[in-house]
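Peer 1: Sharing a structure, written as structure tokens. Questions coming.
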Amino acid sequence: MFDGIIGQDLARRYLARAVAGGRLAHAYLFYGPAGVGKKTLARELARILICADSGERPCGICPPCRMFLAGTHPDLFVMDGAGKSIGIAQVRQLQQGLRFRPFGTLQLCLVQEAGNLTAEAANALLKTLEEPPGPALFVLTGVRPDRMPPTVVSRCLKIPFRLLTRDEIMLGLEKMGFKGDVLPVAAGLSRGSLGRAAELAAGRGDGDWREKAASLAGELLAGIGVAELFARARELGERAELLARTELLLLWYRDLLLWRETGAADYLVNADRLDEIRTQAGRATTPGLVRSINAIEDLRKKLSANANVRLAAEVLCLRLAGLVKEDGHDTASGWNTV
Ligand SMILES: [Zn+2]
């Protein structure tokens, strides 16, 4: 989906030089956070190696390029562990395929989410990594090498991917055809992931909740009755939604504090809603905003520790409304048990 979009410039440059100089390793591990371009770059590398053009590769029009784009190139093998494990059967299938001579110059094996290789599959793959039957290049991708089979990791040249900067994400979004106000907002909310930024920019993800977070903060700062407050707490949703939504809420309060303290609009994530930010920040106090931010962070920590979701959301709203002033760690003890 993100073909052609910057992944990690440095990794790309490094690999381009390795390709040009004929110095490619036979196995790579691209690791780092989700959505920063690891798979994109792995596929790009495969495309370049598969292209038969003598000029700038990939040309996109030679027969191998066309087969690659159609997903039918016989030298390309993909095992995808996204959301599922990669089992021994898939590795055996790969090994079968590798017995044939390559159609082009070498066979390319992409192992996505290599952390999801089963132990058995990893063992089998290890043998193939050590002694592939013919010319082959392996590119494994995954988030954390320490959660992958160490024997497999040790056979790979490791290339770390970092989170993308705000500028890199804005550039990536532009290349994907997004423009206007949505760029800084999506980039600000993206946590360094172009994939996430693109989802937000396309209005998927929780775009709608950005607006709700803003209006919730507005109501809480303006004063709200307890019945309404509990109703809002319910609207925050169940655990997964609550995590996503409180993140937007956190960014909103961060913006309020930032505006209050600096009056600089440049760094606001929600810079497109400056009027609201100005109004709400005017009603708030700095210590109040700091307490609110702490309250949201506390809730998010407690959610990962199996807190009672409804109660946690209610306590959060109470704290945001300033109705509970203390930090609530122990005074509300018991609320983090199910
Ligand atoms: Zn080509």
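Peer 1: Considering every residue within segment 16-34, establish whether at least one is more than 16 Å from the ligand (Cβ to nearest atom), without any contact (Cβ under 8 Å) to a residue 40 or more places away in the chain and touching a strand residue (DSSP E or B) at 6+ places or on another chain (Cβ under 9 Å).
Peer 2: No.
Peer 1: In addition: Can residue 68 be described as within 15 Å of residue 48 (Cα to Cα) and without any contact (Cβ under 8 Å) to a residue 40 or more places away in the chain?
Peer 2: Against the criterion (within 15 Å of residue 48 (Cα to Cα) and without any contact (Cβ under 8 Å) to a residue 40 or more places away in the chain), residue 68 qualifies.
Peer 1: Which of (1) of a type in the set (A, V, I, L, M, F, W, C); (2) within 14 Å of the ligand (Cβ to nearest atom); (3) farther than 25 Å from residue 121 by Cα does residue 76 not meet, given it meets every other one?
Peer 2: (3)
Peer 1: Which of the following residues is out of contact with any Cys (no Cβ under 8 Å at 6 or more places or on another chain), among the small types (Gly, Ala, Ser) and buried (at least 18 other Cβ atoms within 10 Å of the Cβ): 83, 35, 87, 21?
Peer 2: None of the other options fit; the residue is 35.
Peer 1: Please find, within segment 1-40, the residue that is modelled with the lowest pLDDT out of those that are over 18 Å from residue 77 (Cα atoms) and in contact with a Pro (Cβ under 9 Å, 6 or more places away or on another chain).
Peer 2: The selected residue is 8.
Peer 1: Among (1) of a type outside the set (Phe, Trp, Tyr); (2) over 22 Å from residue 154 (Cβ atoms); (3) assigned to a loop (DSSP other than H, G, I, E, B), which single condition is residue 23 missing?
Peer 2: Going through (1) of a type outside the set (Phe, Trp, Tyr); (2) over 22 Å from residue 154 (Cβ atoms); (3) assigned to a loop (DSSP other than H, G, I, E, B) one by one, residue 23 breaks only (2).
Peer 1: Going by what's in this entry, would residue 129 be described as surrounded by 13 or more Cβ atoms within 10 Å (Cβ to Cβ), farther than 30 Å from residue 186 by Cα and either touching a Gly at 6+ places or on another chain (Cβ under 8 Å) or among the hydroxyl-bearing types (Ser, Thr, Tyr) (or both)?
Peer 2: Values: surrounded by 13 or more Cβ atoms within 10 Å (Cβ to Cβ): yes; farther than 30 Å from residue 186 by Cα: yes; either touching a Gly at 6+ places or on another chain (Cβ under 8 Å) or among the hydroxyl-bearing types (Ser, Thr, Tyr) (or both): no.
Spelling it out, it is not the case that residue 129 is surrounded by 13 or more Cβ atoms within 10 Å (Cβ to Cβ), farther than 30 Å from residue 186 by Cα and either touching a Gly at 6+ places or on another chain (Cβ under 8 Å) or among the hydroxyl-bearing types (Ser, Thr, Tyr) (or both).
Peer 1: Only one residue in 43, 47, 57 is at pLDDT below 95 and more than 10 Å from the ligand (Cβ to nearest atom). Which one?
Peer 2: Result: 43 is the single residue among 43, 47, 57 that is at pLDDT below 95 and more than 10 Å from the ligand (Cβ to nearest atom).
Peer 1: Any idea how many residues of segment 168-198 are open to solvent by 60 Å² or more (accessible area, probe 1.4 Å) and either at pLDDT 85 or above or in the same structural domain as residue 137 (by TED's automatic domain parsing) (or both)? Let's see the steps before the verdict.
Peer 2: Restricting attention to segment 168-198, the residues satisfying the condition of being open to solvent by 60 Å² or more (accessible area, probe 1.4 Å) are 171, 174-175, 179, 181, 191, 196.
In the following step, the residues that additionally are either at pLDDT 85 or above or in the same structural domain as residue 137 (by TED's automatic domain parsing) (or both) were identified as 171, 174-175.
Of the residues in segment 168-198, 3 are open to solvent by 60 Å² or more (accessible area, probe 1.4 Å) and either at pLDDT 85 or above or in the same structural domain as residue 137 (by TED's automatic domain parsing) (or both).
Peer 1: Restricting to segment 150-166, give me the number of residues that are among the aliphatic types (A, V, I, L, M) and part of a loop (DSSP other than H, G, I, E, B).
Peer 2: Adding up the residues that qualify gives 2.
Peer 1: Now for a different question. Pick from segment 40-80 the residues that are charged (D, E, K, R) and more than 21 Å from residue 17 (Cβ to Cβ): which of them is least open to solvent (accessible area, probe 1.4 Å)?
Peer 2: To start, the set of residues in segment 40-80 that are charged (D, E, K, R) comprises 43-44, 47, 53, 56-57, 66, 75, 80.
Add one more test, that the residue is more than 21 Å from residue 17 (Cβ to Cβ), and what stays is 66, 75, 80.
Values: 66: 141, 75: 4, 80: 49 Å².
Residue satisfying both the conditions and the ranking: 75.
The values are calculated or read from the model by the stated rules, or taken from the named source; none is laboratory data. Quick caveat: nothing in here was measured; it's all calculated off a predicted structure. Using ideal geometry, Cβ is built from the backbone for each residue, glycine included, and neighbour counts are taken over all protein chains shown. Ligands, DNA and RNA are excluded from the accessible area calculation, which covers all protein heavy atoms including side chains. Shrake-Rupley method; radii C 1.70, N 1.55, O 1.52, S 1.80 Å.
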